[in-house]
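The values are calculated or read from the model by the stated rules, or taken from the named source; none is laboratory data. What you see is a predicted model; the values in this text were computed from it and never measured. Positions of Cβ are backbone-derived with ideal geometry, glycine not excepted, and every protein chain shown enters the neighbour counts.
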Amino acid sequence: MHSDRNIKNIFILSFIVCLLFIIPSLASAVSDAAVHSSTQSVLAVQGKVKNFDQESQVLRLKTSKGNEMSVAIDVNTALVGYSSLQEIEKDQGVKIWYSLQADKKIAIKIERKIEVGC
């Protein structure tokens, strides 16, 4: 009787440990699947803000390769390192994930790069 109880406890404990490993991976798989379910590819670029027109919601960027590009911002654009669009300023380092929609670059996520200095 006592050994049956130990076997059940070991089985239950093993089951719980397995769940602790499986559940987080399932949660991240859902968000990844949502991103990949789109037929559009997501591209990334980094550089410095050349200017940001708040009225037209277009950010002009000078890339790390020296090229200039414009990216439109919409209501679904995620901001990392910014609490609002008004904080985007000239010469800030940013990384932008975007997709092409009807020959227009639409920002999916804008991340402010950390400025390191003395």
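Name every residue in region 71-84 that is in contact with an Asp or Glu (Cβ under 9 Å, 6 or more places away or on another chain) and not in a loop (DSSP other than H, G, I, E, B), in order of residue number.
The answer is ALA78, LEU79, VAL80.
Here is a check on your reading of the model: is ILE108 surrounded by 14 or more Cβ atoms within 10 Å (Cβ to Cβ), modelled with pLDDT of 90 or more and closer than 15 Å to ARG60 by Cβ?
no
Could you list, ordered by first residue, the pairs with Cβ atoms under 9 Å in which the first is in region 79-104 and in the same structural domain as ASP53 (by TED's automatic domain parsing) and the second is part of a loop (DSSP other than H, G, I, E, B) and acidic (Asp, Glu), at least 6 apart or interchain?
Here the result reads GLN92/GLU115; GLY93/GLU115, each pair linking region 79-104 to a residue that is part of a loop (DSSP other than H, G, I, E, B) and acidic (Asp, Glu).
Condition check: surrounded by 14 or more Cβ atoms within 10 Å (Cβ to Cβ) and of a type in the set (D, E, K, R). Does LYS90 satisfy that?
no
Based on this model, can you work out whether ASP32 counts as of a type in the set (Asp, Glu), modelled with pLDDT under 85 and more than 30 Å from LYS104 (Cβ to Cβ)?
Here the answer is no, as ASP32 does not meet what is asked.
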